[in-house]
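Shown next, in structure tokens, is the structure this report addresses.
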Amino acid sequence: MTRRTSGTTWGIFLFWGAALVLSFLNLSGDLMNDDEGTYLYAAWRTGLGEVPYRDFSLVQAPLGFYLGAAVFKLFGPAVWPARALSVLFLLGAAFLVFESARRFLKLKTGFALAAAGVFLFNKHVFFLGRSFMPDVPMIFFGTAALFFALRAESSGPDGGRASQAALLAGVMAGLSALAKINGVLIFAGYPAFLFLEAVRRRKTWKTAASRAASAAAGFAASFAVPFGFFLVFVPGTFDAVVGFQAARESAASVPFILQAGRRIAHLIGNHNYGLAAGALAALSAGRAGAEENAAGLRRIRVLLWTSAAAVLAVIFVPGDFFIRYAVFAFVPLALLFGAGGEALAEGKTIGRRITLGFVAALTLLCLGPTLSPKKILARDEGTRAAAAFIRQNTKPADYVFGDDPFLNFLARRPCPPDLVDVSEAMIEAGRITTAEVVEDCDLFNVKMVFVETGVSAHHLVKLKDYAAFRGYLSRRFRPAAAIRREFLNVEFFIR
């Protein structure tokens, strides 16, 4: 083994070793994630035999609930195994980024690791992967879809191999959408690329149509069929998943098109400027056109940009925008980052070397929040104390309702089925009202209600007639306790 080969082997070993340690370190320490609590509760109830949408109402597509339920069957309903599943999904996605960089972009190992690293240790990706969220399997299956799309476009004239890879790309994109509906945008990137290539080259319409048909068949098999089954046979599916989106869009009053520039600036400025600069370098500093495989590499880069653009289209969707809605775009952008970095490193001019140093410095600044020991080692005792209070003052069959079903999950107490998700988005879209809360609390004889207060509270306090809800609590319940949960106060009321 040469010294260079030995160094490459050690680099790979150290990178993945550090990724494993950092990803699993203190995995269940911080429990301050209200969205995650909703999905943990849903997975727990699914594991008990309940059917999503029919037995409890929730917005997301169903795959994540069943994955979590399977993990709970094996290891019991707890935070750590659910999050461990997410970590494994995310590490798998990072490995596919690494392999795609080496296999399809022909990057050297160091720059392939850089692509995987800037993706995995991105603040929004890393901490998302340390939580049980449907976004994580969406990212994994979406990355697998991109991997097979890249394989299809790297297969050369072998139509059979390309069609098979396109079919698998569609299957993986379908599973991505079955985890979270946003995965539909991941699928859209590949047909959009095929269309653009057909327009540009003109003689490839038949090939493009064949591959698009294969991808569509795979997507139909893994998403349209199972989700269609839910739509037809499981009451409440359409209203929970599609109806919510329609209500949220109708509630949007700000001209969101005018916000696009602000959202893009927020996306890049929130610790993604190094990634953006490296990806842009792939545009202006591509490999020399005289290379034998330059045309194929250009096609790969176009596919990556098209995939990123399809996901970033969510920027123009009405309603609130959170970076996690577009987080899959970091996969193709990370691959372009690796390509841009290698192109700059191979450049002969001093300008390219200076630019490479500038991109590296920006990237290190972006990674700072991810590698913060304070954030990785965070542990909140308030959430644990609140869950313990619920267990001590209710029985297993008692219904409990509040802002965050994370406490229901930790205490193993059921929530009224239609009040599992009382997020700000649901309330502002008019999907949750005080009248419904009161009706369901009385219908299920809710034993305990907990309400988050303080400047960080953003769920039940958003009820349009919040004062009426507090009046209901004062008439039917008695104050029991107030517990500080990190940056939130939680007030408890017992019937």
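Quick one: of Lys395/Lys462; Lys123/Lys180; Lys180/Lys375; Lys123/Lys462; Lys123/Lys374, which pairs are farther than 22 Å apart, Cα to Cα? The partial results should precede the final answer.
Working: Lys395/Lys462 29 Å; Lys123/Lys180 20 Å; Lys180/Lys375 27 Å; Lys123/Lys462 29 Å; Lys123/Lys374 14 Å.
Long pairs (Cα-Cα over 22 Å): Lys395/Lys462; Lys180/Lys375; Lys123/Lys462.
Contact order normalised by length for the chain, with contacts defined as Cα pairs under 8 Å and 6 or more residues apart; what percent is it?
Numbers: 788 pairs, mean separation 85.6, N = 495.
Once normalised by length, the contact order is 17 percent.
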query: How far is the Cα center of the range 365-418 from the Cα center of the range 95-109, in Å?
result: 39
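Please work out whether the range 92-374 counts as rounded, prolate or oblate from its C-alpha gyration tensor, where a ≥ b ≥ c are the square roots of the eigenvalues and a/c under 1.5 means rounded, while otherwise a/b larger than b/c means prolate and anything else oblate? List each step's numbers first, then the result.
Details: a/c = 1.80, a/b = 1.18, b/c = 1.52.
Because a/c hits 1.5 or more and a/b fails to exceed b/c, the range 92-374 counts as oblate.
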field: the range 56-94-the range 159-214 distance, computed between alpha-carbon centres (Å)
entry: 28
- prompt: Which entry is the computed Rg and Dmax of the Cα atoms in Å for this structure: [x] 24.2, 80; [y] 30.4, 128; [z] 33.2, 108?
  reply: [x]
Span-rule helices in the chain, defined as complete DSSP H runs reaching 24 Å or more along the axis (Cα) with Kyte mean at least 0.0: 3-24, 79-103, 135-153, 159-179, 183-201, 294-312, 350-367
task: Would you be so kind as to identify which of Leu22, Ala101, Thr433 lies farthest towards the positive end of the dipole of the chain, taking Lys and Arg as +1 and Asp and Glu as -1 on Cβ and the Cα centre as origin?
output: Ala101
- prompt: What order do you get for 135-142, 37-44, 71-78, 370-377 when each peptide is scored by the mean count of other beta carbon atoms within 10 Å, highest first?
  reply: 135-142, 37-44, 71-78, 370-377
- prompt: What are the residues whose amide H is under 5 Å from the amide H of Leu107, where those residues sit 5 or more places off or on another chain and H is modelled from the backbone?
  reply: Arg102
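Quick note: the coordinates plus some simple rules give every number you see, no bench work behind them. Please read these numbers as outputs of a predicted model, since none were measured by experiment. Methodologically, a virtual Cβ is constructed for each residue, glycine included, from the backbone with ideal geometry; neighbour enumeration extends over all protein chains shown.
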